[in-house]
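Notes follow once the structure below has been shown.
The values are calculated or read from the model by the stated rules, or taken from the named source; none is laboratory data. Fair warning: this is a prediction, and the values are worked out from it, not measured in the lab. A quick note on method: Cβ atoms are made from the backbone with ideal geometry, for glycine too, and the neighbour counts reach across all protein chains shown.
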């Protein structure tokens, strides 16, 4: 039994009583057509925003579409996350999920195998400083604003790949070889794409259609999404080891429902398009435990402006500072 599973045994029975069993079964139902409609919409957004970026000259006109493009690139990791939890198709064929994993990992330039192992280890070790690889290797170890802000910049790539390399050092040799091959192939693919765009369309086009969305806005989407995962928690209560984020139509669309990260850790196999409904069903449970939902504005304010420490209780006032406002 993993660290998180063992720590959450006590409240799991309460959680099971919070939602009728039939509703839980419905929430776990996979609708492949809906998943692939979301995928098609995401591809369309990326293609459409790229076309607009290329078509417009004034920076203030195309820059918002570069942000949209960067967000779309990030959201392919959300689709990859669905693959990890086998929440896409009813058939659990390894071949189908392997193919989807490689396709969804390509836009962000990561290894599908590494992401799969890293993320499942994260679920198993959640709550531990050492057994959760994301917390152990990726979270800031110095509670300084300058370091936190680096995660919103291209420095994220160096931070992430360093963390991934340190984590994978303990993997079996065959697994490490597969990760290296996948990572090198995705990086080669990105370099080839950049060279093709620069050669055929010109380097100014490559800068605004590829470099700025990928290196400029992808890190912003990644870092903002991560703030809403496990940074504002109550270490003393395993039920609160993930952050409760307010449901929002805007953020549902922007982050493809990955803003419901607490609900996801409670029920990892629920497809992302059912997580909003799951949160609404769990609201009485949250209220009974005194859990407060936060918005991203509130979380950014606490994390950056108030300089709250990651993986700590931000609702508890720090000496000399006001408590974070709910919003």
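Here is the figure for the range 229-251: residues that are out of contact with any helix residue (DSSP H, G or I) (no Cβ under 6 Å at 6 or more places or on another chain) and assigned to a helix (DSSP H, G or I) total 5. Going residue by residue through the range 85-92, is there one that turns out to be surrounded by 17 or more Cβ atoms within 10 Å (Cβ to Cβ) and part of a helix (DSSP H, G or I)? Within the range 85-92, not a single residue is surrounded by 17 or more Cβ atoms within 10 Å (Cβ to Cβ) and part of a helix (DSSP H, G or I).
Table: residues versus (1) part of a helix (DSSP H, G or I); (2) touching a helix residue (DSSP H, G or I) at 6+ places or on another chain (Cβ under 9 Å); (3) surrounded by fewer than 17 Cβ atoms within 10 Å (Cβ to Cβ).
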residue: 104; (1), (2), (3): yes, yes, no
residue: 110; (1), (2), (3): no, yes, no
residue: 113; (1), (2), (3): yes, yes, no
residue: 117; (1), (2), (3): yes, yes, no
residue: 121; (1), (2), (3): yes, yes, no
residue: 129; (1), (2), (3): no, yes, yes
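Just to be sure before I move on: is residue 61 outside any helix (DSSP H, G or I) and at pLDDT 95 or above in the structure I sent? No. In the range 252-267, the qualifying residues are those that are more than 10 Å from the chain's Cα centre (by Cα) and part of a helix (DSSP H, G or I), and the one that is farthest from residue 28 (Cα to Cα) is 254.
Residues are listed down the side, and each one gets a yes or a no for (1) touching a strand residue (DSSP E or B) at 6+ places or on another chain (Cβ under 7 Å); (2) over 21 Å from residue 105 (Cα atoms); (3) crowded, with 19+ Cβ neighbours inside 10 Å:
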{"position": "180", "(1), (2), (3)": "no, no, no"}
{"position": "189", "(1), (2), (3)": "no, no, no"}
{"position": "211", "(1), (2), (3)": "no, no, no"}
{"position": "218", "(1), (2), (3)": "no, no, yes"}
{"position": "221", "(1), (2), (3)": "no, no, yes"}
{"position": "230", "(1), (2), (3)": "no, yes, yes"}
{"position": "241", "(1), (2), (3)": "no, yes, yes"}
{"position": "253", "(1), (2), (3)": "no, no, no"}
{"position": "267", "(1), (2), (3)": "no, yes, no"}
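Taking the listed residues 211, 270, 292, the one that is in contact with a helix residue (DSSP H, G or I) (Cβ under 9 Å, 6 or more places away or on another chain), over 20 Å from residue 7 (Cβ atoms), modelled with pLDDT of 95 or more and outside any helix (DSSP H, G or I) is 270, with no other qualifying.
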